[in-house]
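The values are calculated or read from the model by the stated rules, or taken from the named source; none is laboratory data. Treat the numbers as computed from the prediction; the structure is a model and nothing was measured. Cβ placement follows ideal geometry from the backbone for every residue including glycine, while neighbour counts extend to all protein chains displayed. Note: areas computed on protein heavy atoms with side chains; ligands, DNA, RNA excluded. Shrake-Rupley method; radii C 1.70, N 1.55, O 1.52, S 1.80 Å.
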Amino acid sequence: LYEMDSEILGFGYRKDPRIYEIRQKRNKTKDYTLMFKYSKDFNRDLDLRFFTSAEGLDLSGVNIGGALDLSSLTSAKGLDLSGANIRGTLNLSGLTSAEGLDLTRVNIRDTLYLSGLTSAKGLDLSGVNIGGSLNLRGLTSAEGLNLSETSIDGYLDLRGLKNAVWLELPKSVGGDLNLKSLKSAEWFELPNSIGGNLVLSSLSSAEGLDLSGVNIGGDLGLDSLIDAED
């Protein structure tokens, strides 16, 4: 009914409207919960935007052939994604808190969207493999954020950070590293390799900024720098 493995084909040129009509009469939350209980393999995108609560939503070890959209969740309480393999994007952009979010051993082929988080408290991304990018643009503080064991092949968007005290970044970032709001470069180390641009456009002082041994494949943005001492 939900066409997870393949589309329901008819004889006309248009989609059979009865499929949509039947779905509208169903309790989607109960239906999907039942599906997850008996199957962990889905060949296509999984659009779960209708889930506003993750209570009872067990996606541990699930294999998804496309994207997983959980963008309506504001809390990760009860959500288990440990060991999941997602061949597209994982959209958790609605989360305002990372408390209870379990991403242990998760493989994401494309982008991980956590753009709604303003705090990294409770966020554990150690051992997470991201084949695309990591969007954390809403974070204003790096407290509790450790990305040292996280693999990111695309860009890392931390454009909202104003303070990077104790920030632990990956050893390499495949694309751009966006730290455009950062006011101070003290107390953190840059990755050894940045495949794209390094954006530090709000720094007015170079104090604490160490670029020795950093390979940058794109541009270096230091637009606001007025003091190059150190």
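Remarks
- Of the residues making up the stretch 21-72, those that are closer than 16 Å to ILE108 by Cα and hydrophobic (A, V, I, L, M, F, W, C) are PHE42, LEU46, LEU59, VAL62, ILE64, ALA67, LEU68, LEU70.
- Residue in the stretch 28-43 that is of a type in the set (Gly, Ala, Ser), at pLDDT below 95 and either under 27 Å from GLY175 (Cβ atoms) or open to solvent by less than 50 Å² (accessible area, probe 1.4 Å) (or both) present: yes
- Of all residues in the stretch 187-214 being within 26 Å of the chain's Cα centre (by Cα), open to solvent by 40 Å² or more (accessible area, probe 1.4 Å) and at pLDDT below 95, the one that is nearest to LEU147 (Cα to Cα): GLU189
- Subset of the stretch 16-27 that is open to solvent by less than 100 Å² (accessible area, probe 1.4 Å) and assigned to a loop (DSSP other than H, G, I, E, B) - its residue that is modelled with the lowest pLDDT: ASP16
- Subset of the stretch 85-120 (residues that are of a type in the set (S, T, N, Q) and either surrounded by fewer than 17 Cβ atoms within 10 Å (Cβ to Cβ) or part of a strand (DSSP E or B) (or both)): ASN85, ASN91, THR96, THR104, ASN107, THR118
- Under the condition of being farther than 16 Å from GLU186 by Cβ, in contact with a Ser or Thr (Cβ under 9 Å, 6 or more places away or on another chain) and surrounded by 14 or more Cβ atoms within 10 Å (Cβ to Cβ), the residues counted in the stretch 215-230 number 3.
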